[in-house]
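One structure is given below, encoded as structure tokens.
What follows is calculated from the coordinates using simple rules that are stated; it is not laboratory data. Owing to the predicted nature of the structure, the values given are computational and were not obtained by experimental measurement. Cβ placement follows ideal geometry from the backbone for every residue including glycine, while neighbour counts extend to all protein chains displayed.
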Amino acid sequence: MNNSSEHPNLSGHRVLVPGGTGAVGEGIVRRYLAAGADVLVPTRSQERSDEFRALLGEIATEHLHLVVHDYTTFAGAQDLATQMVARLGGIDDVVAPIGGWWAGKRLWEIDEHDWQSAFVALATTHMAVARAAVPRLSAGGTYTVILGASATWPVPTSGLVSMEQAAVLMMHQVLVAELDGASRAFALVLGPVSTRAVTGESGWVTADQVGLIAAGLSADTAITGQAIRMTEPTEIAAALTLVTTAVPV
Ligand SMILES: NC(=O)c1ccc[n+]([C@@H]2O[C@H](COP(=O)([O-])OP(=O)(O)OC[C@H]3O[C@@H](n4cnc5c(N)ncnc54)[C@H](OP(=O)(O)O)[C@@H]3O)[C@@H](O)[C@H]2O)c1
């Protein structure tokens, strides 16, 4: 397994992380910044922007571009991608840890508000960001969605999460087929994650490891687009091994 203190060299990479202010997003943002990339993190509120900058502390250098922007609509995401190209000159990598957990109702108890917020809003945001960013991705660049294993497994009373994550997993598969190698699409399918919000247990993947894998995939252009599961220790070890050429041991 890699030494987690090592970083690939992503100096000059321009990376978009929508959802980067979140618990998993933080590990991703930290790893890309540590690897020398320029990282643009949009967030929907100034308060969250301020909190996130304070949380990152010293690593929030001039390479961190925190912008208050609503990227959850087709028009908003299109505007964000245009602004990123104008500001940084292009988009090399996108990592999308958008949205969190939802629970509490069986399918037949769900009302229209639940459906709109836990399914429609999140699926729309993923689609909006993908359609805005993919045509602007550099050759060999990466588009990585962050998902839970609930995308492939029903969790009673959290069905909306499974349905939305399954839709995004299929979006990833369609991207792999449609990109045909021009850029690389990945899905990181995670079990429970140790984050700033939940310490978790030994054997859980950490937000830091998720960032390490995403950054390693960006750095190693020989790795083709695919779904990578990290739901238990052997899968986490295999994912870390996959990126060893990009991340020195
Ligand atoms: N945490 C885990 O244990 C875990 C386990 C497996 C998989 N995952 C997956 O990892 C991804 C991120 O999870 P997380 O735990 O980091 O979630 P989180 O802490 O809630 O962060 C999600 C981020 O998504 C952004 N977002 C954009 N549109 C949103 C919307 N309509 N509703 C809510 N958030 C929205 C928010 O950013 P702004 O408000 O700043 O715009 C927020 O910071 C999800 O796909 C989740 O399924 C997480």
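Here are a few things to note about the model shown:
- By the beta-carbon count within 10 Å of each Cβ, the least crowded to most crowded order of S183, S218, S45, S202, fewest first, is S202, S45, S183, S218.
- Region 14-242, relative contact order [Cα under 8 Å, separation at least 6], %: 21 percent
- Phi to ³J(HN,Hα) by Karplus 6.51 cos²θ - 1.76 cosθ + 1.60 over region 167-177, Hz, x for Gly, Pro: 5, 6, 4, 5, 4, 4, 5, 5, 4, 4, 5
- Evaluating 6.51 cos²θ - 1.76 cosθ + 1.60 at θ = phi - 60° for every residue in region 35-41, the Karplus couplings come out as 7, x, 6, 8, 10, 9, 10 Hz, glycine and proline recorded as x.
- Spread over its residues, the convex hull of the C-alpha atoms of the chain is 120 Å³ per residue.
- Value at 222 nm in deg cm²/dmol, rounded to 500, when DSSP H runs of n ≥ 4 in the chain each add -39,500 (n - 2.57): -12000 deg cm²/dmol
- Extension gain from D50 to E201, taking 0.36 nm per residue of separation minus the Cα-Cα distance: 51.4 nm
- Theoretical FRET efficiency, 1/(1+(r/R0)^6), r = Cβ-Cβ of A182 and E112, R0 51 Å, to 0.05: 0.85
- Residue among A207, T234, T224 farthest towards the positive dipole end of region 181-238, charges placed on Cβ: T224
- Largest GNM mean-square fluctuation across I146, I213, I110, computed for the chain with C-alpha springs under 10 Å, falls on I110.
- Modelled FRET efficiency - R0 41 Å, Q226 with A75, Cβ distances, 0.05 increments: 0.85
- Each Lys and Arg adds +1 at its Cβ and each Asp and Glu adds -1 at its Cβ; summed about the Cα centre, the chain shows a dipole of about 220 debye.
- Fewest-first ranking of D208, D79, using other Cβ atoms within 10 Å as the exposure measure: D79, D208
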